[in-house]
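The values are calculated or read from the model by the stated rules, or taken from the named source; none is laboratory data. Fair warning: this is a prediction, and the values are worked out from it, not measured in the lab. Quick reminder, even Gly has a Cβ in these numbers, built from the backbone with ideal geometry, and neighbours come from all protein chains shown.
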Amino acid sequence: MNKVALITGGARGIGQGLVRGFVSDGYSVVFSYNTSKADAEKMVSEFSGKAVAIKCDISKEEEIVEMVEFVKSQFGRIDVLINNAGVAIDKLFSDRTAEDFKYTFDVNVTGTFLVSKYVGELMCEQKSGKIINISSTNGINTYFPMCIDYDASKSAIISLTHNLAVQFAPYVNVNAIAPGFIGTESEINAMDKDFIEMEKEKILVRRIGEVDDVVNLALFLSSDKSSFINNTVIRIDGGMYGSC
């Protein structure tokens, strides 16, 4: 029987790459989306029954409960949870409001907590499971005041990771991945070429990260090969200056 992975925010960007990677690795995958319905439907069609999409606004607890119950009813278990869903509001620092901060935390932090709570309880009943939270180097020591709420939320996810690891021990391994500059094709094409070259100079391996770099790490953390890795935050940033 295939292992079951639940991936939040799986219709676009890194989340889409995670869905592709876990399907290719033989998992039965359920992924959530909120606004990207067309992208989600396209992926479901592409994977021909190997991936299931469910609409879920993770800022709403009742929708999270429905999502987890759906996965349980369809598959009976969840072996891997990847908390990838998140928002980043594009505004100048001076234009940011309390409402912006609250919404960012509702999705990025409270949403991650609630999905982990309900899935973690199931994993403890199973006496096995892996939870991976997608944080960011922005939550550690890469700072951009123009995305202060996003950065703060990613730092909070790291704290959340440590607490969840303690809460769900010894049955569930809880770790976080903190990506640096990871460029999807659409993002790279939209960026100024001089800016990209400037950012590369800050990275020791002199390239922008690829989605598959994150996917490969997530697959490793989900496997039996990582059974002794727990309560850990792993940077994946190519050795970005100041990240060590």
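Inspect all residues belonging to the stretch 100-121 and state whether any of them is under 14 Å from the mean Cα position of the chain (by Cα), outside any helix (DSSP H, G or I), surrounded by 22 or more Cβ atoms within 10 Å (Cβ to Cβ) and of a type outside the set (D, E, K, R).
Checked the stretch 100-121: no residue is under 14 Å from the mean Cα position of the chain (by Cα), outside any helix (DSSP H, G or I), surrounded by 22 or more Cβ atoms within 10 Å (Cβ to Cβ) and of a type outside the set (D, E, K, R).
Could you list all residues from the stretch 80-111 that are within 20 Å of Ile134 (Cβ to Cβ) and among the polar types (S, T, N, Q)?
Asn83, Asn84, Thr104, Asn108, Thr110
Give the stretch 180-219 a look and list any residue that's of a type in the set (Val, Ile, Thr), surrounded by fewer than 18 Cβ atoms within 10 Å (Cβ to Cβ) and either touching a Cys at 6+ places or on another chain (Cβ under 8 Å) or without any contact (Cβ under 8 Å) to a residue 40 or more places away in the chain (or both), or say none.
Ile188, Ile196, Val205
Go through the stretch 42-80 residue by residue and tally those that are more than 16 Å from Ala5 (Cα to Cα), of a type in the set (Asp, Glu) and modelled with pLDDT of 95 or more.
5
Kindly provide the set of residues from the stretch 197-229 that are outside any helix (DSSP H, G or I) and either charged (D, E, K, R) or farther than 16 Å from Phe181 by Cβ (or both), ordered by number.
Glu201, Lys202, Arg206, Arg207, Glu210, Ser223, Ser227, Phe228, Ile229
Just a yes or no: is a residue in the stretch 169-179 out of contact with any Ser or Thr (no Cβ under 8 Å at 6 or more places or on another chain) and modelled with pLDDT of 95 or more?
yes
Among the residues that make up the stretch 171-179, is at least one of them free of Cβ contacts under 8 Å to residues at least 12 places away in the same chain and aliphatic (A, V, I, L, M)?
no
Kindly provide the set of residues from the stretch 191-229 that are polar (S, T, N, Q) and either more than 25 Å from Ala165 (Cβ to Cβ) or in contact with a helix residue (DSSP H, G or I) (Cβ under 7 Å, 6 or more places away or on another chain) (or both), ordered by number.
Matches in the stretch 191-229: Ser226 only.
Could you please let me know if Gly49 is assigned to a loop (DSSP other than H, G, I, E, B), over 26 Å from Asn175 (Cα atoms) and small (Gly, Ala, Ser)?
For Gly49, the condition - assigned to a loop (DSSP other than H, G, I, E, B), over 26 Å from Asn175 (Cα atoms) and small (Gly, Ala, Ser) - is met.
Can you tell me which residue among Ile82, Ile148, Ile54, Ile131 is part of a strand (DSSP E or B), of a type outside the set (Phe, Trp, Tyr) and surrounded by fewer than 21 Cβ atoms within 10 Å (Cβ to Cβ)?
It is Ile54.
Across the stretch 18-37, which residue is surrounded by the most Cβ atoms within 10 Å (Cβ to Cβ) among those that are among the small types (Gly, Ala, Ser) and modelled with pLDDT of 95 or more?
If we take residues in the stretch 18-37 being among the small types (Gly, Ala, Ser) and modelled with pLDDT of 95 or more, then Ser32 is surrounded by the most Cβ atoms within 10 Å (Cβ to Cβ).
So is Asn173 in a helix (DSSP H, G or I), polar (S, T, N, Q), at negative phi and touching a strand residue (DSSP E or B) at 6+ places or on another chain (Cβ under 9 Å) or not?
Criteria not met by Asn173.
If you scan the stretch 116-166, which residues turn out to be at pLDDT below 95 and hydrophobic (A, V, I, L, M, F, W, C)?
Ile140, Phe144, Met146, Cys147, Ile148
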